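J.: My questions all concern the structure below.
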Amino acid sequence: MPLLTGFEQIVRQNEPLAMHTWLQVGGAAKYFAEPESPEQLIELIRRCHQEGVPARVLGRGSNILVRDEGFKGMVLHLYAPAFANIKIEGRSVIAGGGALLGRVVTGAVHRGLTGLETLIGIPGTVGGALHGNAGTRGGSIGQWTIQATVISVTGDVLQRQADELEFGYQQSSLDDLVILEAACQLDEDNPQELAKRMQKQWILKRASQPMGHQSAGCVFKNPRGTSAGELIDAAGLKGTRIGGAVVSDRHANFIIAEPECTTEDILRLIELVREQVLQRMGMELELALDIW
Ligand code: EPU
């Protein structure tokens, strides 16, 4: 079956990806699909596999940097309600890969379930969060995850049980093409206390990180035992600019993309920061952003 037959309504061609990412830079996707059901998604993945078209999954674009030349394959945007269900039963929370992490966090807190509240304010989807084991110093999503349903590049639906799941700092064994659904097992706690803790965390985040700007999450991972933001700051790099890309004055591990910014500006700024931190602080920084 040809790649797009029957999918004309849900696949667009040469879709600019900038508007689908927080940094709002980068080129277009050759194909951009918004499947409405898991069945459509699976069929699209199978066809991509048969035709040799590379496929990638886009959540909310809060942790990716798209190259200026774009992506010459199929972007699968998990945006439809069918991918965003959230079910809370007893101590377990089952969420679709396309559900917003923030919704899952607040839903759990309102039901008096503790574990995920430290993740408040982390943007993006459950799938994205699991792909990179999103977290804070207070914990990460992986430690609460007991099961996941994924789709492989060949379009096969597989169950990953607790014993197959391994999570580390910004690392996850869930490297299948799609994370369709995941289940977390949480603990019970007093909903009022929990809500207070969540609010406190949110205020702290807002006070220390840039918000309402064109930026993604932290650009670099924290090297063991230290903070990338602190190192970049100590190297005197806050406010450093290349073209429209600037190291945030508020938190040095964020890059702000000003309206005329290009991906090339950001990539050059990333290189400059890495070189300077290595030279001045003797530390190597590893990227946390996904580059497409
Ligand atoms: N600091 C500076 N200058 C800066 C930024 C930070 O001196 O410009 C200092 C702070 O004063 C503090 C230390 O560095 O003493 C640590 O800063 P912070 O508490 O902001 O934590 P972080 O290590 O920079 C990590 C995560 C964040 C997460 C926060 C809060 C990484 C790379 N970053 O940041 O996650 O929100 O802890 O838990 O792991 C992300 O993953 O995208 C992200 C932003």
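J.: Can you sort PHE167, PHE83 by how many other beta carbons sit within 10 Å, fewest first? Spell out each step's value before the answer.
T.: Details: PHE167 19, PHE83 27.
Placing the least packed residue first, the sequence is PHE167, PHE83.
J.: Let me ask something additional. Could you tell me what fraction of 2.2 N^0.38 Å the Cα radius of gyration of region 187-274 comes to, as a two-decimal ratio? Mind dumping the intermediate values first?
T.: Numbers: Rg = 15.9 Å, N = 88, 2.2 N^0.38 = 12.1 Å.
Normalised Cα radius of gyration, region 187-274: 1.32.
J.: If the elastic network links every pair of Cα atoms under 10 Å, which of THR118, THR263, THR154 fluctuates the most in the Gaussian network model of the chain?
T.: Between THR118, THR263, THR154, it is THR154 that shows the largest mean-square fluctuation.
J.: Ok, one more. Per 0.36 nm of contour for each residue apart, how much would the distance between TRP202 and MET19 grow if the chain were fully extended, relative to their Cα-Cα spacing? Walk me through the numbers before you get to the answer.
T.: On the way: separation 183, 0.36 × 183 = 65.88 nm, distance 2.61 nm.
Extra length from TRP202 to MET19 when fully extended: 63.3 nm.
J.: Calculated from DSSP H runs of 4 or more alone, at -39500 (n - 2.57) each and per residue, what is the 222 nm mean residue ellipticity of the chain, nearest 500? Walk me through the intermediate numbers first.
T.: Working: 6 runs with 74 residues, N = 292.
Roughly -8000 deg cm²/dmol at 222 nm, from the helical runs in the chain.
J.: Could I ask something else about it? In terms of modelled amide H atoms, which long-range or inter-chain residues lie less than 5 Å from the amide H of GLY70?
T.: GLY27, ALA28
J.: If you build a Gaussian network model of the chain, linking Cα atoms that sit under 10 Å apart, which residue out of GLY73, GLY132, GLY212 swings the most?
T.: Largest GNM mean-square fluctuation: GLY212.
J.: Right, something else. Build a GNM of the chain with springs between Cα atoms under 10 Å: which of GLU34, GLU188, GLU117 gets the top mean-square fluctuation?
T.: Its mean-square fluctuation being the largest, the pick is GLU188.
J.: Using a 10 Å cut-off around each Cβ, can you sort MET19, MET198, MET283, MET211 from fewest to most neighbouring Cβ atoms?
T.: Details: MET19 9, MET198 22, MET283 16, MET211 12.
Result, fewest neighbours first: MET19, MET211, MET283, MET198.
J.: Sticking with this one: Two decimals, Cα atoms only, Kirkwood Rh: what is Rg/Rh over the chain?
T.: Details: Rg = 19.5 Å, Rh = 19.9 Å.
Rg/Rh: 0.98.
J.: Provide Rg and Dmax in Å for region 71-156, with only Cα atoms included in the calculation.
T.: Calculated on Cα positions, Rg and Dmax stand at 13.5, 45 Å.
J.: A further question follows. Relative to the present Cα-Cα distance, how much length would full extension add between GLN279 and GLU166 at 0.36 nm per residue of separation?
T.: Working: separation 113, 0.36 × 113 = 40.68 nm, distance 3.41 nm.
Gain on stretching GLN279 to GLU166: 37.3 nm.
J.: Right, next: Evaluate 2.2 N^0.38 Å with N set to the residue count of region 249-292, then give the Cα radius of gyration divided by it. Walk me through the numbers before you get to the answer.
T.: Numbers: Rg = 11.3 Å, N = 44, 2.2 N^0.38 = 9.3 Å.
Scaled against compact globular proteins, the figure is 1.22.
J.: Residue by residue through region 3-16, what is 3J(HN,Hα) from phi via Karplus (6.51 cos²θ - 1.76 cosθ + 1.60, θ = phi - 60°)? Round to whole Hz and write x for glycine and proline.
T.: For region 3-16, the Karplus-derived couplings read 3, 9, 4, x, 10, 4, 6, 10, 10, 10, 10, 6, 7, x Hz, x marking Gly and Pro.
J.: Give me the lysines in straight-line cross-link reach of LYS238: C-alpha distance below 21 Å, same-chain residues under 8 apart excluded.
T.: LYS238 reaches LYS205, LYS221.
J.: What residues qualify as long-range amide H neighbours of LEU58, i.e. H under 5 Å apart, gap of 5 or more or another chain, H built at 1.01 Å from N?
T.: LEU76, HIS77, LEU78
J.: List the aspartates and glutamates whose Cα sits under 12 Å from the Cα of LYS30, skipping any in the same chain fewer than 8 residues away.
T.: Excluding near neighbours in sequence, the set is GLU15, GLU69.
J.: How far, in nm, would the chain grow between ARG137 and LEU158 when pulled straight, counting 0.36 nm per residue and subtracting the alpha carbon separation? Kindly include the intermediate steps, with their values, before the conclusion.
T.: On the way: separation 21, 0.36 × 21 = 7.56 nm, distance 3.11 nm.
Answer, rounded to one decimal: 4.5 nm.
J.: Using Cα-Cα distances under 8 Å and only pairs 6 or more residues apart, what relative contact order does the chain have, in percent?
T.: Numbers: 630 pairs, mean separation 48.7, N = 292.
Relative contact order of the chain: 17 percent.
A short reminder: the numbers here are calculations on the coordinates, not readings from a lab. This is a predicted model, so every value here is computed, not measured. Cβ coordinates were reconstructed from backbone atoms using ideal geometry, including for glycine residues, and neighbour counts include every protein chain displayed.
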